[in-house]
Every structure is written in structure tokens, then in C-alpha cells.
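One structure is given here, and the rest of the page talks about it.
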Amino acid sequence: MFKNQLKTVEGTVFWPIVAIIGSIKKTIQNRKFQLLWKDSDGHWFTRQKGMTLYSTEIVVDTYDEISNKVNKYFLQSYKPKSGDTVIDVGAGIGDDAIFFSRQVGPNGIVIAIEANPDTFKCMLKTVSSNNLKNVICLNLACTGSNTMVEISRDQGYLSNRIYSDRQFKDPHIVEGKTINQIIIEQKINEVSFLKLNIEGAEFDALSGAMSLIKSRTHFAVSCHDFKYLEGQGDFFKTYDKVADLFNQHK
């Protein structure tokens, strides 16, 4: 509720008032100092003990909230450990990458992949401000073949979509690479875990990751069939195709 109230005025001239009120409220709520403000690029950031997040929109999550979210939604059968290699596809602003980075430690690697250029800029700031030296950031779309793709400019960074055909007005044009190709270029020998959360483009991305599907890599794939059921298009109906793909290679 509080987050939605902030979003109604986050882009107006009243944002400093929103930031001050938000900072006070979150500090009281969490009993820890939390600063909400904008930087010179117009990106929102929230600074708290041990973590800073940058975003194109207001994000006030704490590290504990991020940790709980990742464990609840993505880590059902795998727990990252020191020295592991994690690939985070659809890494957004880098919030989950903070968690993965701390779990795999200095001997591990996190490949954080985000297609939207605006969101990617925020992820770079998040990674830099948190001194995540074991995180490699890539501004790419994960696709079934190496090609150029369109990225929507939806207002919310969590709702950006990837398409290989021309459907958007004034879209981002982004390089698309297969996960197999990315692994080769990054000289990765073994991937412990791959998280995939890319708003309906997951089957296409997985078709370019066959080397991992046939390996011992753990996967967490976020399908968005609920959007199909809401009438947002067949593009989001991916669960059956994704399940069949994995079942074929058990």
C-alpha cells in the first residue's frame, strides 16, 4: 500500500517531499535508517545499512525482503554456496544479484543479464555501489539465436517485454544472444544455477541454452501464464512448452 502511494507522485515535482516522507516512514518501519532520493540522472535510490539499490522507479525493499523473495520464488531445490556460478537472466536493477553475490562469495561468479538499457544502467549503479566484484553485468537479451530484438519501454522495469518482431512504438533495439554463446564468451565451465524471469520470453531463451538443460545445472524459470489467462496474449502462455522441454531431457 505504502509503495503504491509513493508511485502515484514519484514522477512529479513533489518527488523531494515524497522522498523525505518515504525515508522517514521506512526508517521507522524497519527500525533502521533508510534514505530514499534521486541522483543526477533522475534514478531513484534507496540507501540503507549494508545495501544501496538504484531504479527507474521507487524501490524500498530491504535486504531481508530481497532474500526472502529469492528463497521463496527461486530456490526450491537449490541453495547457492561458496564458489558457485549463478546466471541471473532478467536481473532487473540487480537486487537479486546482491543476494546471489553474497551467497557465492569471492570465489563464485554471478552473471547478471538485463536487456532493457534503462534498467541496465540502474543495475550497474547497484552493483558498483555495493562493491559486487564477483558480478558480471551484461546488457543483452537471451534468445533462441543470436539476433537483434525489440524491448518495450513499459514504465515499470518489472514489466518490460522482449520480442523478435516489430510490435512496439519507439522500442529499445538490443542485441540478443543465446545462453550457450554467453557461456562460451564468458569462459564458464560449469553453471550451478540459472534463474530466468523475462516476462514470457523464457521458452525462446531456453531453446538457446540446451548445453545447460542437458547438464546438472539447477533452473528456476518464472512463467507468466497468468497474464495469458488475464487476456494479455498468447505470448505469455509458456508453462507447457517449458515443462515439455525439460521433460524431454530428464
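Treat the chain as a sphere of radius equal to its Kirkwood radius over Cα pairs and apply Stokes-Einstein at 25 °C in a medium of 0.890 mPa s; give the translational diffusion coefficient in µm²/s, rounded to a whole number.
Values: Rh = 18.9 Å.
Answer, rounded: 130 µm²/s.
With a Förster radius of 35 Å, plug the Cβ-Cβ distance of Ile21 and Ser128 into 1/(1 + (r/R0)^6) and report the FRET value to the nearest 0.05. Write down the numbers at each step before the final one.
Numbers: r = 28 Å, r/R0 = 0.79.
Calculated transfer efficiency: 0.80.
Where does the longest stretch of the chain lie that holds no GluC sites (Glu not before Pro) found in a DSSP loop with 11 or fewer other Cβ atoms within 10 Å? Intermediate results must be reported in sequence, preceding the final value.
Working: sites that count: Glu190, Glu230.
Excluding the exposed sites themselves, the longest stretch runs over 1-189.
What residue among Val221, Val60, Val18 has the largest mean-square fluctuation in a Gaussian network model of the chain, using Cα springs under 10 Å?
Val18
³J(HN,Hα) across the stretch 135-147 via Karplus (A = 6.51, B = -1.76, C = 1.60, θ = phi - 60°), whole Hz, x for Gly/Pro?
Taking θ as phi minus 60°, the curve returns 10, 9, 9, 10, 8, 9, 9, 8, 10, x, 8, 6, 7 Hz for the stretch 135-147.
What are the ³J(HN,Hα) couplings of the stretch 212-226, residue after residue, when phi is run through the Karplus curve with 6.51, -1.76, 1.60 and θ = phi - 60°? Round to Hz, x for glycine and proline.
7, 4, 8, 9, 8, 4, 8, 10, 10, 10, 8, 8, 10, 4, 4
Express the relative contact order of the chain as a whole percentage, based on alpha carbon pairs under 8 Å and six or more residues apart in sequence. Before the final figure, lay out the partial values.
Details: 477 pairs, mean separation 34.0, N = 250.
It comes to 14 percent, rounded to a whole number.
Within the stretch 27-60, report the trypsin sites (Lys or Arg not before Pro) that DSSP leaves as loop and that have at most 14 other Cβ atoms within 10 Å.
On the way: sites: Arg31, Lys32, Lys38, Arg47, Lys49; in loops: Arg31, Lys32, Lys49.
Hits after loop and neighbour filter: Arg31, Lys32, Lys49.
Counting only the heavy atoms of the protein chains, how much of Lys26 is accessible to a 1.4 Å probe, in Å² to the nearest 10?
10 Å²
222 nm [θ] for the chain, helices only, -39500 (n - 2.57) per DSSP H run of 4+, per residue, to 500? Walk me through the numbers on the way to the answer.
Details: 10 runs with 87 residues, N = 250.
Calculated mean residue ellipticity at 222 nm is -9500 deg cm²/dmol.
What nm distance separates the two modelled labels at Trp37 and Asp64, each placed 7 Å from Cα along Cα→Cβ?
With each label placed 7 Å out from Cα toward Cβ, I get 2.5 nm.
The values are calculated or read from the model by the stated rules, or taken from the named source; none is laboratory data. Since the model is a prediction, treat every value here as computed from it, not as a measurement. Heads up, the Cβs are rebuilt from the backbone with ideal geometry, glycines too, and the neighbour counts pull from every protein chain shown. Note: areas computed on protein heavy atoms with side chains; ligands, DNA, RNA excluded. Shrake-Rupley method; radii C 1.70, N 1.55, O 1.52, S 1.80 Å.
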